[in-house]
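Derivation of every value follows stated rules applied to the coordinates shown; laboratory data play no part. Model, not experiment: these values are computed from the prediction. Because the Cβ atoms are built from the backbone with ideal geometry, glycine has one as well, and the counts that use them run over all protein chains shown.
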Amino acid sequence: MKVVVANDHGATALAKKIVNHLKERGFEVNYLGTDTEDSVDYPDYAYKACSEYLKGGYEFGVLCCGTGIGISMAANKMHGIFCALPQNSYAAEKTKEHNHSNFIAFGGRIDYPEDPLHILDAYIDAVPLQDEKYLRRIKKTVEIEETQKLG
Ligand code: RB5
């Protein structure tokens with residue numbers, strides 16, 4: 001089971017913890033960096049990780065920046081990417097069950113109410129629900145993008 005991980009300089013330490021945790025859980029991790037705290041631009045890392053994910057063969061992806069906001073916003077500009085930025089493990093579980101998110105984002109400078117690794121575990125251990133209402137809402141979400149493209 002493969003996972004792709006990328007981050008900017010605002011979350012290098014957290015991303016490295018996440019990579020180790022994923023490996024401990026038995027995942028094969030494709031870590032795309034940045035692996036230093038030298039300033040980089042988060043959209044570049046969102047693009048790298050999402051492009052890699054879209055080649056196929058990945059279970060999900062993890063993106064981190066200072067707040068998690070910029071990198072998740074950039075990721076969600078890509079067709080086929082559903083990147084969640086959960087506040088806690090409840091939201092992490094629900095985004096997998098209800099939104100079928102294929103990416104999860106974290107903020108390296110955020111003071112989370114619980115260990116971010118627990119939040120990640122809640123996401124990993126949740127199972128997407130096949131309920132018709134959840135699928136309908138995802139389809140409607142995709143349709144917003146398609147409708148906008150058509151003008
Ligand atoms: C980088 O300084 C910071 O802006 C970035 O990591 C992120 O928080 C943006 O959303």
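Determine, for PHE60, PHE82, PHE103, the number of other Cβ atoms within 10 Å of each Cβ, and report the residues in order from fewest to most.
Details: PHE60 21, PHE82 18, PHE103 27.
Lowest count first: PHE82, PHE60, PHE103.
May I ask for the Kirkwood hydrodynamic radius of region 54-95, worked out over all distinct Cα pairs and given in angstroms to one decimal? Present the calculation step by step, with values, prior to reporting the outcome.
Values: mean 1/r = 0.0884 Å⁻¹.
This gives a value of 11.3 Å.
Across region 118-129, in residue order, what do the Karplus-derived ³J(HN,Hα) couplings come to in whole Hz, using 6.51 cos²θ - 1.76 cosθ + 1.60 with θ = phi - 60° and x for Gly and Pro?
Running phi through 6.51 cos²θ - 1.76 cosθ + 1.60 with θ = phi - 60° gives 5, 5, 4, 4, 4, 5, 4, 7, 6, 10, x, 8 Hz.
Once you treat every alpha carbon in region 31-151 as an equal point and sum by Debye, what is log10 I(q)/I(0) at q = 0.12, 0.23 Å⁻¹?
Log10 I(q)/I(0), no solvent term: -0.45, -1.42.
Just going by the charge dipole of region 1-148, with Lys and Arg at +1 and Asp and Glu at -1 on Cβ, which of HIS118, VAL142, LEU22 is farthest out on the positive end?
The Cα lying farthest towards the positive end belongs to VAL142.
Across region 29-44, in residue order, what do the Karplus-derived ³J(HN,Hα) couplings come to in whole Hz, using 6.51 cos²θ - 1.76 cosθ + 1.60 with θ = phi - 60° and x for Gly and Pro?
10, 9, 9, 9, x, 6, 9, 10, 9, 6, 4, 9, 9, 4, x, 4
Taking 19 Å as the cut-off for C-alpha to C-alpha distance, list the pairs among LYS96/LYS139; LYS94/LYS133; LYS2/LYS133; LYS17/LYS96; LYS23/LYS94 that go past it.
Cα-Cα > 19 Å for LYS2/LYS133; LYS17/LYS96; LYS23/LYS94; rest within.
Quick one: what does P(r) look like for region 1-102 with 10 Å bins over all Cα pairs, in whole %?
17, 51, 31, 1
How high is the relative contact order of region 57-151, given as a whole-number percent (alpha carbon pairs under 8 Å, six or more residues apart)? Each step should come with its number before you reach the end.
Numbers: 131 pairs, mean separation 27.7, N = 95.
Taking the mean separation of contacting Cα pairs over the length of region 57-151, I get 29 percent.
How high is the relative contact order of region 1-98, in percent, counting Cα pairs under 8 Å that sit 6 or more residues apart? All intermediate terms of the calculation are to be shown ahead of the outcome.
Numbers: 160 pairs, mean separation 31.2, N = 98.
Rounded, it is 32 percent for region 1-98.
Please list 130-137, 6-13 highest first by mean number of surrounding beta-carbon atoms within 10 Å per residue.
On the way: 130-137: 10.9, 6-13: 23.9.
The densest-packed peptide leads the list: 6-13, 130-137.
If you average the C-alpha positions of region 3-49 and of region 65-96 separately, how far apart do those two centres end up, in angstrom?
That distance is 14 Å.
If we restrict to alpha carbons, what Rg and Dmax does region 1-60 come to, in Å?
11.2, 31
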